[in-house]
1. Mind giving me the nanometre distance, one decimal, between the label points for A:ALA95 and B:VAL263, set 7 Å out from Cα along Cα→Cβ?
2. Shielding by partners for A:67-76, please: the mean number of other protein chain Cβ atoms within 10 Å of each residue's Cβ.
3. Please list, in chain and number order, the residues 5+ apart from B:GLY340 or on another chain whose amide H is under 5 Å from its amide H, with Hs placed from the backbone.
4. Search the structure for amide H atoms under 5 Å from the amide H of B:LEU187, placed 1.01 Å from N in the peptide plane, and list their residues when 5 or more places away or on another chain.
5. Place the peptides B:406-418, B:341-353 in order of packing, highest mean first, counting for every residue the other Cβ atoms within 10 Å and averaging per peptide.
6. Using per-residue counts of other Cβ atoms within 10 Å, averaged over each peptide, order B:291-297, B:229-235, B:207-213 from highest down.
7. Listing B:MET423, B:MET241 from the residue with the fewest other Cβ atoms within 10 Å to the one with the most, what is the order?
8. Helix-only mean residue ellipticity at 222 nm, chain B, DSSP H runs n ≥ 4 weighted -39,500 (n - 2.57), per residue, nearest 500. What is it?
Amino acid sequence: MTMNTTTTLIDPTGEHAAVKAKKSPRPATLDGITVGVLDIGKARGDVFLDRLAVRFAERGIKVKRYAKPGPSRPAVIETRQRMLAETEAAIIGLAD
Amino acid sequence: MPTQALPDGLVAVVKRDCPTCVLVEPVLRQLAAAGTLCVLTQDDPTFPEGMASVIDDTGLERSYGLGIETVPTLLRIEQGRETTRAVGWHRGEWEGVSGVRALGVDLPDYRPGCGSLTTDPNTADELAIRLGGFTFKSRKVEIGSHEDEHEACFDRDWSDGLPVVPPTAVRVYRMLQGTRRDPKEILGLMPPDYEPCTVEKVAANAVMAGCRPEYMPVVIAAVEAVLDEPFSIHAVVATTMFVGPIVIVNGPVRKALGMNSGVNALGQGNRANSTIGRALQLVVRNVGGGKPGGVDRSTLGTPGKLGFCFAENEEDSCWEPLSVERGVAPGTSAVTLFAGAGVRGIVDQTSRTPESLARSFAACLNGTLHPKLFGGLDSIVVISPEHLRVFREAGWSKRRFIAELMDLTTVPVEDIAIGVGGMTPGMPPREPGAKVAKFRQDGLYVVHAGGIAGMFSAILDGWSPSSSSRITTRVVRD
């Protein structure tokens, strides 16, 4: 390959242009909305999330529970779509 | 350039570098004098000297269009179409094509020709891309005339940290010749970006890894195996644990590619072993976007994440190969993918009975991840020839070996209870006499490899007790 010619390389990447997803605005109040609580399956995550659900209930906030298939597996599309349709805010718990 | 662009009459394709072409120079003059002759010259526009209708074909477009494989070739064109041709110098054939008698009477009757420049290995692939209509689906990246092509790959973040072979169009085209699969075939969506992983993308990364085209079927099978859902490559990339994909090759393809299953089988020094595993990891990095510090969150990683591939020594084993254990027919080439960490040694130079040696293996296996971390693990045992000999001479089958290991790695809960040995990790209290197994029921795999000297075997630790990734196997297809 001589140095004075242009070389054409075949792009080895997924040609993925990352698009930064916009976050929904943080709700001003939790009153009257449904909060989704997603258990990602990490050890003792349920302890934290159970407690959170109790505290929300005490304040009259509606909670819906969801779960991933496990900590190393992404949430299935159906779960993501249900959370989108059924909730106005989400809490995703991490624990170990 | 299609044949229609040539005038009707005779066309001779020649090159100065061909002694037969030089030999027939007087014949070309004879034909020119007798009527219409057009000469296409491939390497030197001044050859044959002093002739009126010589066409410069140093770009080889016309020769390629005519499908010339040998020079000299004499063709007759009628109404824009080739009607007949003679290859090399054969007086009778040339007289037949030209209709001119007494050609080259001073020459020998017959001389074979030379290879057309269109078949030169250095140019044939470039011509296939430039003139043959081959197109890439991938984006083309032009790098500047003064840009170092190796540095260009680093600059674009395509490398795993080591230099890569720049994936030029010609190199990727050649790599694609190593498989019958359609370059546009999508093998799956590669996590974590879930981008379509085409055969062409695999080829570009295989070039960068340093593969030869004939490795492609194995690389493709490895990509297919990590894309199998149970392998969960997204999680293997993302985990804070050590693991990366380990590729184990079985079947005739090991010998065909000259893979190493002997001395230093898990180490460096063999091109196929070193580059096939690397190609897979470059696909994960570049197509899937799984990069350290990005989605790859491994706390420490392992050197095997540069690429970890080896072959099983099937010929000298009394046990069935891993692929057969995995349900593939004997004699069929296959790759098995395991999410594993680095190599841990089992050093036992004194055991001469299978009972003692199995206990040594079990003691080392019990240390996987942590000596008090039990339940649901998986591991691969790479057994060396000298260790296998002990079991062979005692008549142990592979099934028995694994069953004994499973038994020896099942311990009373109180031995590994929380706090035992002054260590916090461990099992919570259970009923007295309860036992717990270190490994999942189908979580121990055995592969035979290594040099003939040394009573050393190896453990390739699996990922985690939650069995987040399962071993997968794919048959290698051409």
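1. The modelled label-to-label distance comes out at 5.6 nm.
2. The per-residue average across the peptide is 4.
3. B:GLY244, B:ILE246
4. Counting only residues 5 or more places away or on other chains, the set is B:CYS197, B:THR198, B:VAL199.
5. The densest-packed peptide leads the list: B:406-418, B:341-353.
6. Descending mean neighbour count gives B:207-213, B:229-235, B:291-297.
7. Listing B:MET423, B:MET241 from fewest to most nearby Cβ atoms yields B:MET423, B:MET241.
8. Rounded to the nearest 500, it is -8000 deg cm²/dmol.
Only the coordinates and a few stated rules stand behind these numbers; no lab work does. Note that the structure is predicted; figures quoted are calculated from it, not measured. Glycine gets a Cβ as well: all are built from the backbone with ideal geometry, and neighbour counts include every protein chain shown.
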